[in-house]
Structure formats: structure tokens, C-alpha cells
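The values are calculated or read from the model by the stated rules, or taken from the named source; none is laboratory data. These numbers were taken from a predicted model, which means no experiment stands behind them. Counting neighbours? That spans all protein chains shown, and the Cβs are built from the backbone with ideal geometry, glycine included. Areas reflect the complete protein model, heavy atoms only, side chains present, ligands, DNA and RNA absent. Shrake-Rupley method; radii C 1.70, N 1.55, O 1.52, S 1.80 Å.
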Amino acid sequence: MTDASTSGPLLQISDLGVTFGSGANTVTAVKGVSFSLDKGETLALVGESGSGKTVTALSILGLLPYPMAKHPAGSILYRGQELLNAPETTLRKVRGNRIGMVFQEPMTSLNPLHNIEKQVGEVLEIHAGMAGEARRARVLELLRLVGLPDVESRLGALPHELSGGQRQRVMIAMALALNPDILIADEPTTALDVTIQAQILELLRDLKERLGMALLFITHDLSIVRRIADRVSVMKDGAIVEQGAVADVFAAPQHEYTKRLLAAQPKPKGETVPAGAEVLAVENLKVWFPIRRGVIRRTVGYIKAVDGVSFSVSAGRTIGVVGESGSGKTTLGLALLRLINSEGEIRFQGERIDGRSPKELRPLRRHMQVVFQDPFGSLSPRLSIGQIIEEGLVVHGLGDASERAARVAEALHDVGLDAALRDRYPHEFSGGQRQRIAIARAMVLRPKFIVLDEPTSALDVSVQAQIVDLLRDLQRKYSLAYLFISHDLRVVRALADTIIVMKDGTVRESGEAEQVFNAPRDPYTRALMDAALNLKTNAT
């Protein structure tokens, strides 16, 4: 490709439009979007789910599902050359070579059947014709560049053998393989722990400065924008409603939607209500998974996913469990619900349940519920939301058809949804609405104890605040005991009365929430708090 322009912006998007479908079924996803990106600059494209951020980014590289997607208007100029509706041969020269892209979920973007060397090397082979030792040397160089540890031993690793942060580093290495002018990063840190998130942001900033790239950073998290971007464009309903320098927009937002986004933080926890009776307590809880090797699968050691954890939680109170991926948080929650085997004492409402059989536990199941991280994955696509919520009542034989219908309607009302929506299916709802449905499914059984496993991590920041408010309201109304698992310390602080900090299956620190947040004693806890604090600081 010839360099059509050396003086103007690297990327110039003007009046971009994107529609899906045709005729009466046409949906306008992007309308009149215009912005530019200069060499060495970072532009953040911000907005909630459905605002058109990702559709705009995919349009740049011609990656939308054409011909279902159409561009009724607009222009996308890269170094002065038109990319919109350009021939496939032109776009192939740009994709990866001149503009790289990092997607949100590396596990679904990487091929599960190919090792890391093959996947990074494939980019070099296809676009640069590299092979043999030269390709291997470049793969090693790229993996070192993005900070992947023990790169020589990682070359043969499959994606599932790497952590989330390591997989994202591999995706960044692939995007940088051909030294692009522009890197598009589409929500690259959303699913990551706070410490890994900080590392990836620092890596992107460092790489941008060292390689002289421009960065188009797509996110819904404004705290990240403050840390990484020079300018910001705020999108809503497919249009840019405000844009400017980050410092100016944050200091004096002009549009009501921008003001609402900036204010959309979980409200601080109010006055703590007196604790009720003890609902659940554990003593020296252990979950060890055996490591077996050899032909006869001899046990050679154990993965200590949970190792000697003790705590209790009372009615009307929330215990927050924080830590990085692999710390044992989710395993702890599953053990408490007796969904996996464990050792140690578990008391529910004063009675030992750790030695009970599944049959003996079944009557207690209605009082011990769980809400998972991904509401779309945990809701059956074949059932209406009314059937999903009612299912627990049917399983436990509670009420006749009319009574169950009334309980379902009450549960939907409790979570802020109209009972008239009960015949719709999960795909017809937004992410926040689906999480409300998942909460209603748990609440319809009137439980005493709920495990909340990362229930807000996949949601936009404004929806997070709404779900936190909902959980607090339900807790006050029904005197619920919560175990709230999360890596988002802002959300934990808004909900939790007490905190336990986990690392490698053990509790590194525990105590009253404000004490742990304001004066952490353990170095690991301090590192977590520092990482969360750094995400709020300005990039300057």
C-alpha cells in the first residue's frame, strides 16, 4: 500500500454509518460517527454495551458480517487511503500489517487446538513469509516483548494451560507481530483481575511509547480511560455524544450521558445493620485436588485450591471474598454449597452439613442459592424466563400452578422486572436484565444464604451500580446472608461488611471491610489495593 498521506491523521473516520438487516428489519447500529487518530496518540472509545463501540472498530478492518452489515454512509481513511468498502486485497494488506487488533476474550480468540508458537508464528508466516528458525526467533522476541514469563517453556503450551492475563499477552504479541501503526484494543482488560488489569494497561502504554504506535482503546470503564488515554469519544445509541481531551471531559463533562457515566459508581455502603443469627460457618475448610501421573495414575501431590479457611456470616450481612484468578474464591463458594467435596466443618443454621449425603442435603438446597458470573451462560436458552424462575419451585414441590405463578411474578417484581415479560427468552434481554433474572431465580425460593460469584464483572459500570443497589435492597428486605466473590474492589467495598483476602487457597488477611481497605496489613492485600488505586489515577 502506498502512503497516500504523511501529514494528516493516521486514521480519519467521517460520518460513519452501519446498519444490519434490510427493509422493515433494518437496525441502525452506528450513525454519523466521526473521529481521528494521530501517530503516538491514544483515543478511548467509551460507552455501554450496545452503544456501537465494537461495531465501529470492526468496520475499520472490514470484519463485520457482510453482506448482512451495510455502510449507508461514511468514510474510513488510513493514511489517506479509503478502507470503507475497499477490495478484500486492500484490506488484507492492512489487517495485521498496519492495523492490529486485540479482542476482549482471548480464550475464544485463540485456537484451543494449536500451541502458542504455532498461533503467533502463523501471523508471521502468512503476512511476512517467515519460516523455520527466523520465525521461531521472532515468536520468542514477541513473547518476551509482552512480558510472558518462561517463554521457551511456553511455546508448546495450549491456551487453556495459560492464565487469563497470559492469554491476553499472547493476543497482544500476535497483534504486534508485524509492527502495526495502529493497535485496536477492544475491552482487553474487562475479564481480568485488578492486578493483571493494571499490568496489561501498563504493558500497552509501554509498548505504544516504545514502538510509536497509535492506540484505539475500547472500554466501558472510565477509570481505565483516565489511566491510559489522551482523548476520549463517548458513544451512546450508535452516535458520539461528546469527545475531547480526557482531562477536559472528566473535569467538565457537557453531555448528560457522560455525566451519568462518570457518576455511575457503586454507592458507598451505608450504615451497617445489626447482624442477625449466624447462618453459615466453616472451620478449617479444605479442598485439595490430587495430581496423578504415570500409567497407573499414582497420586504425586495435591493442588490446594482451598486450604484451612475459617469464617462465619450472619443474617443481613455480607462477607466479601477477594483475590486473583486461581486464589480459590469460586472453589470456596462451591464447597460451601456442597457442590464439590471438601474436608472440614460446615454449619448451616447451626447444623453440620459437611457429612450429609446428596439426598439429605436436598431439602436444604432451596435455602442455599448461587448467582453466577455469566447470566447468559447460566440461563437455558430453550426456556422462557418464567419457566427458568419457576423451575426451582417445581423441583422442590412448592405450591400449585397458580401459587407458583404468583411467586414468579413476585420474584420478577423484587428484581425490578415486569411480570408481563415472563414469556420472553433470555436472548431478548440485556446483560443487566439477564443478571436480574438470575437473581430472581435464586430469590423465588426465599433462601437464607446466597453465593454471588462475580455477578457484576461482565456488566457495564452503570449496570453494576444498579445490581449492587438491587442486592442491598433484597438483603434488607429478606435479611439475606451473602458470600460475595469478586476481583472488583469497588463493588466489594460497596457491599461487604467483612472481607477475606485469598491467595493460593489460603486466607492472607481478614477483618472488617473498612479496616482491610484503609489499613491492610498483608503485603499481598496492599498490592491489590494499590493496583485498584492506580487504575483511578490519570495517565499523566
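A few comments on the model shown:
- The set of residues in region 380-394 being closer than 25 Å to Ser457 by Cβ, touching an Asp or Glu at 6+ places or on another chain (Cβ under 9 Å) and surrounded by 14 or more Cβ atoms within 10 Å (Cβ to Cβ) consists of Leu383, Ile385.
- Remark: pairs (first residue in region 82-111, in contact (Cβ under 8 Å) with a residue 60 or more places away in the chain and under 21 Å from Leu215 (Cβ atoms); second residue outside any helix (DSSP H, G or I) and aromatic (Phe, Trp, Tyr); Cβ separation under 8 Å; 6+ apart in sequence or on different chains) = Val94/Tyr78; Arg98/Tyr78; Ile99/Tyr78; Ser109/Phe103.
- Helices (runs of 4 or more DSSP H) completely within region 56-128 that count 1 or more residues being open to solvent by 10 Å² or more (accessible area, probe 1.4 Å), under 30 Å from Asn25 (Cα atoms) and not polar (S, T, N, Q): 88-94
- Extreme residue, nearest to Gly432 (Cα to Cα), among residues of region 344-374 that are of a type outside the set (D, E, K, R), surrounded by 12 or more Cβ atoms within 10 Å (Cβ to Cβ) and free of Cβ contacts under 8 Å to residues at least 60 places away in the same chain: Leu364
- Restricting the first member to region 23-44 and to residues that are touching a residue at least 40 places away in the same chain (Cβ under 8 Å) and closer than 17 Å to Leu207 by Cβ, and the second to residues that are open to solvent by 20 Å² or more (accessible area, probe 1.4 Å) and basic (Lys, Arg), the beta-carbon pairs closer than 6 Å and six or more apart or on different chains are Leu43/Arg231.
- Among residues of region 150-162, those that are open to solvent by 60 Å² or more (accessible area, probe 1.4 Å) and not in a helix (DSSP H, G or I), counted: 1
- Hits in region 322-343 (condition: without any contact (Cβ under 8 Å) to a residue 60 or more places away in the chain and in contact with a helix residue (DSSP H, G or I) (Cβ under 6 Å, 6 or more places away or on another chain)): Arg338, Ile340, Ser342
- Qualifying position, being β-branched (Val, Ile, Thr) and open to solvent by 10 Å² or more (accessible area, probe 1.4 Å), among Val491, Val463: Val463
- Here Gly397, Gly377, Gly416 are screened, and the one residue that is more than 30 Å from the chain's Cα centre (by Cα), at pLDDT below 95 and open to solvent by 50 Å² or more (accessible area, probe 1.4 Å) is Gly397.
- Taking each residue of region 185-201 that is more than 22 Å from Tyr524 (Cα to Cα) and looking for partners that are assigned to a strand (DSSP E or B) with beta-carbon atoms closer than 6 Å, six or more apart or interchain, yields Ala185/Val102; Ala185/Phe217; Asp186/Ile218; Glu187/Ile218; Glu187/Thr219; Pro188/Val102.
- Leading residue by the ranking (most open to solvent (accessible area, probe 1.4 Å)) among those in region 163-190 that are touching a Gly at 6+ places or on another chain (Cβ under 6 Å) and not in a helix (DSSP H, G or I): Leu178
- Residues satisfying the stated conditions in region 191-220, i.e. open to solvent by 10 Å² or more (accessible area, probe 1.4 Å) and of a type in the set (A, V, I, L, M, F, W, C): Ala191, Leu192, Val194, Ile196, Ala198, Leu203, Leu211
- Hey, Lys259 within 24 Å of the chain's Cα centre (by Cα), outside any strand (DSSP E or B), loosely packed, with under 15 Cβ neighbours inside 10 Å and modelled with pLDDT of 90 or more or not: yes
- Test: residue in region 474-481 that is farther than 24 Å from Phe311 by Cα, over 17 Å from the mean Cα position of the chain (by Cα) and buried (at least 22 other Cβ atoms within 10 Å of the Cβ): no
- Index of the failed condition, Thr525 passing every other in (1) among the polar types (S, T, N, Q); (2) open to solvent by 10 Å² or more (accessible area, probe 1.4 Å); (3) over 26 Å from Arg407 (Cα atoms): (2)
- Residue match in region 282-297 (condition: open to solvent by 70 Å² or more (accessible area, probe 1.4 Å) and among the small types (Gly, Ala, Ser)): no
- Filter pass, Ala229 being in contact (Cβ under 8 Å) with a residue 12 or more places away in the chain and either open to solvent by 30 Å² or more (accessible area, probe 1.4 Å) or closer than 30 Å to Ala73 by Cα (or both): yes
- Flag for Leu470 being hydrophobic (A, V, I, L, M, F, W, C), buried (at least 17 other Cβ atoms within 10 Å of the Cβ) and either at pLDDT 95 or above or not in a helix (DSSP H, G or I) (or both): no
- Filter result for Glu428 (at pLDDT below 95 and either farther than 21 Å from Gly333 by Cβ or surrounded by 15 or more Cβ atoms within 10 Å (Cβ to Cβ) (or both)): yes
- Scanning region 232-244 for residues that are open to solvent by less than 30 Å² (accessible area, probe 1.4 Å), of a type in the set (Asp, Glu) and within 24 Å of the chain's Cα centre (by Cα) gives no hits.
- Selection within region 92-124 - small (Gly, Ala, Ser) and farther than 15 Å from Leu63 by Cα: Gly121
- Residue count for region 32-55 satisfying the condition of being crowded, with 21+ Cβ neighbours inside 10 Å and not in a helix (DSSP H, G or I): 11.
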